[in-house]
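Undergrad: Below is one structure. I have some questions about it.
The values are calculated or read from the model by the stated rules, or taken from the named source; none is laboratory data. Since this is a predicted model, take the numbers as computed values, not measurements. Quick reminder, even Gly has a Cβ in these numbers, built from the backbone with ideal geometry, and neighbours come from all protein chains shown.
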Amino acid sequence: MPRLANNKRAHFDYEILEVLEVGIILTGQEVKSAKTGHAKLQGAFIHLRDNEAWLKNAFIAPYTHAAHIESYDPYQNRKLLLHKREIARLTKKMEVEHLTIVPISLYTKAGKIKLEIGLARGKKQYEKRASVKKRDLDREMRTRQYRGA
């Protein structure tokens, strides 16, 4: 399951409560470009509208070895493949618990490109500082144990 793109900010900016694996509709040119590592999820988000889920603001560069398409937009909206009951459940959780849906990673699985999305709650600024402090302390402890001090 090779990772094609990661959203590194997702775990820093949000507390991920639930993770889902969804399909994504891409053109052939976008699939080839993503498999060569020309995809980015930073700043991307999931929008639910009319019982459909859309990935917005994700960057997939045009494939360099294909013919140039005049109207290709690398930031275009891409439809996600979810069951209606999953979309209804996510919509309800978003409205009742004030959660958001963020893309976490793009990867291949059995020849298909999948997107891992997370139902998340935004962190406050002080929570972000605390997680950075905890990460630094853990790193310091690992280096001390490694050195044998």
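Undergrad: Given the residues 8, 40, 79, 32, which is the only one that is surrounded by 13 or more Cβ atoms within 10 Å (Cβ to Cβ), free of Cβ contacts under 8 Å to residues at least 60 places away in the same chain and within 30 Å of residue 130 (Cβ to Cβ)? First the steps, then the outcome.
TA: Numbers: 8 fails: surrounded by 13 or more Cβ atoms within 10 Å (Cβ to Cβ); 79 fails: within 30 Å of residue 130 (Cβ to Cβ); 32 fails: within 30 Å of residue 130 (Cβ to Cβ).
From the options 8, 40, 79, 32, the qualifying one is 40.
Undergrad: Follow-up question, since we're still on this one. Could you check the range 21-38 and list, in sequence order, the residues that are within 14 Å of the chain's Cα centre (by Cα) and over 21 Å from residue 100 (Cβ atoms)?
TA: 34
Undergrad: Criterion first (among the acidic types (Asp, Glu), at pLDDT 90 or above, surrounded by fewer than 18 Cβ atoms within 10 Å (Cβ to Cβ) and out of contact with any His (no Cβ under 6 Å at 6 or more places or on another chain)) does residue 21 satisfy it?
TA: yes
Undergrad: Kindly indicate the residue of the range 119-149 that is among the hydrophobic types (A, V, I, L, M, F, W, C) and touching a Phe, Trp or Tyr at 6+ places or on another chain (Cβ under 9 Å) and also farthest from residue 44 (Cα to Cα) among those meeting that condition.
TA: 132
Undergrad: Quick check, is residue 98 over 18 Å from the mean Cα position of the chain (by Cα) and modelled with pLDDT under 90?
TA: Yes, satisfied.
Undergrad: Moving on. Within the range 73-149, which strands (runs of 3 or more DSSP E) (wholly inside it) include 3 or more residues that are within 25 Å of residue 57 (Cα to Cα) and of a type in the set (Val, Ile, Thr)?
TA: Strands (runs of 3 or more DSSP E) meeting the threshold: 100-109.
Undergrad: Limited to the range 38-72, what total is found for residues that are of a type in the set (A, V, I, L, M), under 23 Å from residue 20 (Cα atoms) and assigned to a loop (DSSP other than H, G, I, E, B)?
TA: 3
Undergrad: Mind listing just one residue for me: the one in the range 54-66 that is touching a helix residue (DSSP H, G or I) at 6+ places or on another chain (Cβ under 6 Å) and crowded, with 16+ Cβ neighbours inside 10 Å and, of those, nearest to residue 99 (Cα to Cα)?
TA: Top of the filtered list is 60.
Undergrad: Here is a follow-up. Is there a residue being free of Cβ contacts under 8 Å to residues at least 60 places away in the same chain, within 30 Å of residue 130 (Cα to Cα) and surrounded by 13 or more Cβ atoms within 10 Å (Cβ to Cβ) anywhere in the range 45-53?
TA: Looking for residues that are free of Cβ contacts under 8 Å to residues at least 60 places away in the same chain, within 30 Å of residue 130 (Cα to Cα) and surrounded by 13 or more Cβ atoms within 10 Å (Cβ to Cβ), one finds at least one in the range 45-53, hence yes.
Undergrad: Can you run down the residue pairs with Cβ atoms below 7 Å, 6 or more apart or on separate chains, where the first is in the range 61-74 and closer than 13 Å to residue 32 by Cα and the partner is surrounded by fewer than 15 Cβ atoms within 10 Å (Cβ to Cβ) and of a type in the set (A, V, I, L, M, F, W, C)?
TA: 62/69
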